[in-house]
1. So what's the net charge close to residue 39: Lys and Arg +1, Asp and Glu -1, counting the other residues with Cβ under 15 Å from its Cβ?
2. Between rounded, prolate and oblate, where does segment 2-99 land on the alpha carbon gyration tensor, with a ≥ b ≥ c its root eigenvalues, rounded for a/c under 1.5, else prolate if a/b exceeds b/c?
3. What distance in nm separates the simple spin-label points at residue 66 and residue 80, each placed 7 Å from Cα in the Cβ direction?
4. Ordered by residue, what ³J(HN,Hα) values in Hz, to whole numbers, does segment 42-55 give under the Karplus form 6.51 cos²θ - 1.76 cosθ + 1.60, where θ = phi - 60° and Gly and Pro are x?
5. Using amide H atoms built 1.01 Å from N in the peptide plane, name the residues 5+ places from residue 31, or on other chains, whose amide H lies under 5 Å from its own.
6. Sorted by average packing, counted as other Cβ atoms within 10 angstrom per residue and highest first, what order do 35-48, 81-94 take?
Amino acid sequence: MQAGKAWGSTATVYNGAVDVEHLDIEADGYCSIHMHKHKSNLFYVIKGLLEIRVEKSDQGLIDTTMLREGQTMVVAPGQYHQFIARTDVIALEVYFTELSEDILRKSSGGSDANGKKSAIL
């Protein structure tokens with residue numbers, strides 16, 4: 001679904017455990033200063049120059065990163081941030097939560113070449 005924004009437009013690519021938005025941002029467009037309580041926010045630039053500003057409140061400064069085509073940046077949950085398009089920008093914005101260790105191994109992998117199949121179900 002496409003939605004107009006003050007800075008351009010966004011279209012939902014996927015919405016589920018991970019949310020993916022396609023952003024079209026006009027040059028000099030910027031989003032609100034905001035944070036996400038639980039989700040990380042990944043930006044991937046397809047075209048243009050996108051500045052990401054992150055407030056480092058524990059350090060009393062603003063961290064500024066300029067993303068170019070093919071570059072990514074992740075903003076952790078609980079950090080106030082804002083993007084500013086320095087040119088027309090096309091980007092993907094991905095919202096996700098980080099899970100703790102998700103895999104429990106009952107055995108280790110191997111190869112059938114040595115004739116052992118004791119770890120195969």
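Read-outs throughout are calculated quantities, based only on the coordinates presented, and are distinct from any laboratory measurement. For clarity, every value in this text was computed on a predicted model and none was experimentally measured. Virtual Cβ from ideal backbone geometry, glycine too; neighbours counted across all protein chains shown.
1. Numbers: positive: 37; negative: 19, 21, 93, 98.
Neighbour charge sum, excluding residue 39 itself: -3.
2. Numbers: a/c = 1.64, a/b = 1.12, b/c = 1.47.
Judged from the Cα gyration tensor, segment 2-99 comes out oblate (a/c at least 1.5, b/c at or above a/b).
3. About 2.5 nm separates the two model spin labels.
4. With the stated coefficients, segment 42-55 comes to 9, 10, 10, 8, 8, 8, x, 10, 10, 8, 10, 10, 10, 7 Hz.
5. For residue 31, the qualifying residues are 83.
6. 81-94, 35-48
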